[in-house]
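The values are calculated or read from the model by the stated rules, or taken from the named source; none is laboratory data. Predicted model only: the values in this text are computed from it and were never measured. Glycine also receives a Cβ, built like all others from the backbone with ideal geometry; neighbour counts cover every protein chain displayed. Areas reflect the complete protein model, heavy atoms only, side chains present, ligands, DNA and RNA absent. Shrake-Rupley method; radii C 1.70, N 1.55, O 1.52, S 1.80 Å.
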Amino acid sequence: MSLEIPEIDNCCEKETYAFFGLAAYWAQVLEHSALNLAIVLNLPGASLMSQEIFDNVYSTLTKKTFGQLLKSTKGISNISEADESYLGEALELRNILIHHYFREHAENLVSAVGRQEIKKELQLIISKFKRADKILEDIYAPLWERYGVTEEFIGEHLEELRVKAEIRDKDT
């Protein structure tokens, strides 16, 4: 999957919903980054770590909302005031996107010009989610390295996923 934000090509009516889907995808990526940060901040030192401890922390934190996860990391992590403010804006955008977006854009949905505005706005929202995700990743990635979760480790697991997907695709 490309990490680039697609250009608007006005191919069809579905394009508006495709951009919405991509924005929702990046909202979930962002939420998972908040989860990654919350988990690593709540783990004991690497020498005390066990699968049971990890599973308990993971199970507890996956039940929290994006806002709760962000709130749980306040004061424990190195987030500047500017980044904290940006993450707060991303949280607000995420909530609007998921809970109110189409209701608030009802008129735009029935207008060609309005749908164009929606697509441009969704591109901007995606961009903001990606930037917020990067803020969180820059904080949690070095912390996870203490537990052996390095870029190389992640890359190896991603490659395993790609190989499994290719095999599955060849079988169809």
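Sort region 54-113 into rounded, prolate or oblate with this rule: let a ≥ b ≥ c be the square roots of the eigenvalues of the Cα gyration tensor; rounded if a/c is under 1.5, and if a/c is not under 1.5, prolate when a/b is larger than b/c, oblate otherwise. It comes out oblate by the Cα gyration axes. Just to be sure I understand, if you calculate volume of the Cα convex hull per residue in Å³ for this structure, which of (i) 181; (ii) 104; (iii) 152 do you get? Derived directly from the coordinates: (iii). Rolling a 1.4 angstrom probe over the chain with all protein chains present gives an accessible area of which 53% lies on carbon and sulfur atoms. Residue-wise HN-Hα couplings along region 44-52, as the Karplus relation 6.51 cos²θ - 1.76 cosθ + 1.60 with θ = phi - 60° gives them from phi, are x, x, 4, 6, 9, 6, 9, 4, 5 Hz; Gly and Pro carry x.
Determine, at each q value in 0.20, 0.22, 0.24 (inverse angstroms), the log₁₀ of I(q)/I(0) that the Debye formula gives when each Cα of region 4-53 is one equal point scatterer. After summing over all Cα pairs, the log10 values are -0.75, -0.83, -0.91.
Remark: the chain carries a charge dipole of roughly 500 debye about the Cα centre, counting +1 on each Lys and Arg Cβ and -1 on each Asp and Glu Cβ. For region 29-109, the per residue solvent-accessible surface stands at 59 Å², with DNA, RNA and ligands left out and a 1.4 Å probe.
Globularity index of region 1-84 is 1.47 (Cα radius of gyration / 2.2 N^0.38 Å, N = number of residues).
Per-residue Karplus couplings for region 27-41, computed as 6.51 cos²θ - 1.76 cosθ + 1.60 with θ equal to phi - 60°, are listed in order as 5, 5, 4, 4, 4, 5, 5, 5, 5, 4, 5, 4, 5, 5, 6 Hz, Gly and Pro entered as x. Among rounded, prolate and oblate, which fits region 107-172 when a ≥ b ≥ c are the square roots of the eigenvalues of its C-alpha gyration tensor, a/c under 1.5 means rounded, and a/b larger than b/c means prolate? Oblate. Angle of helix 151-170 to the longest C-alpha principal axis of the chain, folded into 0 to 90 degrees and rounded to 10: 50°.
Within the assembled protein chains, the solvent-accessible surface assigned to LYS134 is about 100 Å², based on a 1.4 Å probe.
Positive-end ranking of HIS157, LEU136, LEU122 along the dipole of region 68-172, with charges on Cβ about the Cα centre, is headed by LEU122.
The relative contact order of region 49-172, computed from alpha carbon pairs under 8 Å that lie at least 6 residues apart in sequence, is 22 percent. Helix 81-99 and the longest principal axis of the Cα set of the chain meet at an angle near 50°.
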